[in-house]
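Take a look at the following structure, please.
The values are calculated or read from the model by the stated rules, or taken from the named source; none is laboratory data. Everything numeric here is computed off the predicted structure, so don't read it as measured data. Because the Cβ atoms are built from the backbone with ideal geometry, glycine has one as well, and the counts that use them run over all protein chains shown.
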Amino acid sequence: MKIERNLNYDLMRLLGLVIIMVAHASPPAWLFQLRNFGTPLLVLGSGLTYALIFSKRKMDLKSFYAKRVKKLVIPVWFFLSFFFVFSYVVYSLGGGVELFSFREIVGSYALVGGIGFVWVFKIYLFLALITPFVLFYNKVIVSNIVYFSSIVLLYFLYELTYFSSREYLVGVVADFVDAFVFTLVPYALIYLYAFRLPFLNKRHVLFVAFLSLSVFLFMLCYKYVDTGLFVATQNFKYPPTLYYLSYAFFCVNILYLFVSGLIIPDGGFSRVLVWLSTNSLWIYLWHIFAFYVWKYLFPEPAGSFVLFAVKATFLFVVGIVLCIIQNRVVANVSAKSCFFKQNLSPLLSGMS
């Protein structure tokens with residue numbers, strides 16, 4: 001059974017990526033803080049989308065894992081291969097571009113560290129891997145009270161485990177646990193929350209949002225009194241803990257209410273939205289290319305809002321243009337090669 005596409009969810013996932021991309025355009029500090037909820041929004045939008053997809057469709061576990069993992073990992077490796085080869089060619093021709101270290105290259109392919117952008121795909125891959133378990137949990141726990149209470153309890157245990165383990169985890173072990181356990185667990189809980197979110201009424205979502213805001217403001221005041229400075233939530237993002245998450249959770253719930261209430265009519269805008277959403281991950285990859293082009297050719301904004309706006313526009317436009325060119329090349333090659341059309345075309349086009 002074909003599930004009708006929810007354009008509001010498409011918009012939420014797209015906004016999540018765009019907000020993350022804004023951070024790479026060197027925004028002023030105040031704007032960087034205001035938009036510091038991109039990853040939770042991305043996770044929430046993905047959860048809403050998967051909940052809709054599998055609301056009336058039975059999951060074939062083997063097929064789901066094979067298709068989703070392949071569609072997330074292989075395109076990133078294609079892009080990284082092109083990107084690193086291009087960088088090496090430019091360097092060899094005397095363009096002044098520094099070569100990336102072996103560690104950066106390996107880390108990029110492993111979606112850990114590296115050039116520092118592809119961690120988004122680690123989040124997507126993690127969400128794909130836990131989707132069958134989340135679907136099962138969502139089905140088994142019928143009561144909303146039990147479902148949401150369990151999420152709160154699991155989060156409490158996460159915070160307790162994280163802070164109580166700090167003195168025992170050091171060095172490489174600490175880095176590994178932070179990257180693959182403590183960074184991912186909170187996003188798994190947001191993902192769980194998203195699967196049941198459509199069943200909450202507006203009043204309940206507002207309550208959750210303003211409870212999160214209250215926690216954030218309390219911690220903000222406490223940290224200000226303690227340090228005499230405004231402490232950015234970014235300092236508590238890796239791994240994400242309560243100060244960062246309380247602000248982000250307020251923002252994503254308010255944005256959910258706003259976006260889910262929009263009526264998106266059929267027509268040109270909806271077609272553009274679907275195209276952007278379908279191609280968003282490739283646009284994200286190509287914006288990495290645009291980021292390094294800017295880095296070596298143009299000055300950094302350094303607090304200038306106008307220069308930031310120009311850089312952000314540059315990253316978005318170049319990402320979209322290169323994605324359009326890629327799609328046309330893929331379409332032309334697919335028309336001439338059945339093997340390419342069947343095996344590679346699906347991986348080198350839309351990745352929603």
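Kindly state which helices (runs of 4 or more DSSP H) lie completely within segment 271-352 and contain at least 1 residues that are touching a Pro at 6+ places or on another chain (Cβ under 6 Å).
305-336
Whether any residue in segment 129-144 is part of a helix (DSSP H, G or I) and within 30 Å of Leu297 (Cα to Cα) is what I want to check.
no
Continuing with the same structure: Out of all the residues in segment 37-58, is one or more crowded, with 20+ Cβ neighbours inside 10 Å, modelled with pLDDT of 95 or more and not in a helix (DSSP H, G or I)?
Within segment 37-58, one or more residues are crowded, with 20+ Cβ neighbours inside 10 Å, modelled with pLDDT of 95 or more and not in a helix (DSSP H, G or I).
Please find, within segment 293-344, the residue that is farthest from Phe100 (Cα to Cα) out of those that are among the basic types (Lys, Arg) and within 25 Å of the chain's Cα centre (by Cα).
Going through the qualifying residues, I end up with Lys311.
Something else: With Ser246, Ser280, Ser270 as the choices, which residue is more than 18 Å from the chain's Cα centre (by Cα) and surrounded by 12 or more Cβ atoms within 10 Å (Cβ to Cβ)?
From the options Ser246, Ser280, Ser270, the qualifying one is Ser270.
For segment 59-90, enumerate the residues that are exposed (fewer than 13 other Cβ atoms within 10 Å of the Cβ) and of a type in the set (Val, Ile, Thr).
Val85, Val89
Tell me, yes or no, whether segment 322-345 has at least one residue that is under 22 Å from Val89 (Cβ atoms), crowded, with 16+ Cβ neighbours inside 10 Å and touching a residue at least 60 places away in the same chain (Cβ under 8 Å).
No, there is no match, as no residue in segment 322-345 is under 22 Å from Val89 (Cβ atoms), crowded, with 16+ Cβ neighbours inside 10 Å and touching a residue at least 60 places away in the same chain (Cβ under 8 Å).
Still on this model: Please tell me if Tyr109 is of a type in the set (Ser, Thr, Tyr), within 25 Å of Leu42 (Cα to Cα) and surrounded by 12 or more Cβ atoms within 10 Å (Cβ to Cβ).
In short, yes.
Just checking, which of Phe195, Phe117 is under 20 Å from Thr39 (Cβ atoms), under 23 Å from the mean Cα position of the chain (by Cα) and either at pLDDT below 95 or outside any helix (DSSP H, G or I) (or both)?
So the residue among Phe195, Phe117 that is under 20 Å from Thr39 (Cβ atoms), under 23 Å from the mean Cα position of the chain (by Cα) and either at pLDDT below 95 or outside any helix (DSSP H, G or I) (or both) is Phe117.
Also, quick follow-up: Only residues that are outside any helix (DSSP H, G or I) and either out of contact with any Ser or Thr (no Cβ under 7 Å at 6 or more places or on another chain) or acidic (Asp, Glu) (or both): list them for segment 100-114, please.
Ser101, Ala110, Leu111, Val112, Gly113
Which of the residues belonging to segment 27-36 are part of a loop (DSSP other than H, G, I, E, B) and out of contact with any strand residue (DSSP E or B) (no Cβ under 9 Å at 6 or more places or on another chain)?
Pro27, Pro28, Arg35
Related question: Among the residues of segment 301-311, is any modelled with pLDDT of 95 or more and touching a helix residue (DSSP H, G or I) at 6+ places or on another chain (Cβ under 7 Å)?
Yes: one or more hits.
Every residue, every condition in (1) touching a Cys at 6+ places or on another chain (Cβ under 7 Å); (2) more than 20 Å from Leu14 (Cβ to Cβ), yes or no:
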{"residue": "Trp282", "(1), (2)": "yes, no"}
{"residue": "Tyr292", "(1), (2)": "no, yes"}
{"residue": "Phe308", "(1), (2)": "no, yes"}
{"residue": "Val318", "(1), (2)": "no, no"}
{"residue": "Gly350", "(1), (2)": "no, no"}
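Here's something else I'd like to know. Does Gly94 qualify as being within 17 Å of the chain's Cα centre (by Cα), modelled with pLDDT under 90 and part of a loop (DSSP other than H, G, I, E, B)?
no
Now for a separate question. Go through (1) within 25 Å of the chain's Cα centre (by Cα); (2) modelled with pLDDT under 95; (3) crowded, with 18+ Cβ neighbours inside 10 Å and name the single condition Ala290 misses.
Of the numbered conditions (1) within 25 Å of the chain's Cα centre (by Cα); (2) modelled with pLDDT under 95; (3) crowded, with 18+ Cβ neighbours inside 10 Å, the odd one out for Ala290 is (2).
Could you list all residues from segment 190-219 that are free of Cβ contacts under 8 Å to residues at least 40 places away in the same chain and either surrounded by fewer than 17 Cβ atoms within 10 Å (Cβ to Cβ) or small (Gly, Ala, Ser) (or both)?
Once the filter is applied, which keeps residues that are free of Cβ contacts under 8 Å to residues at least 40 places away in the same chain and either surrounded by fewer than 17 Cβ atoms within 10 Å (Cβ to Cβ) or small (Gly, Ala, Ser) (or both), segment 190-219 yields Asn201, Arg203, His204, Phe207, Leu211, Ser214, Leu217, Phe218.
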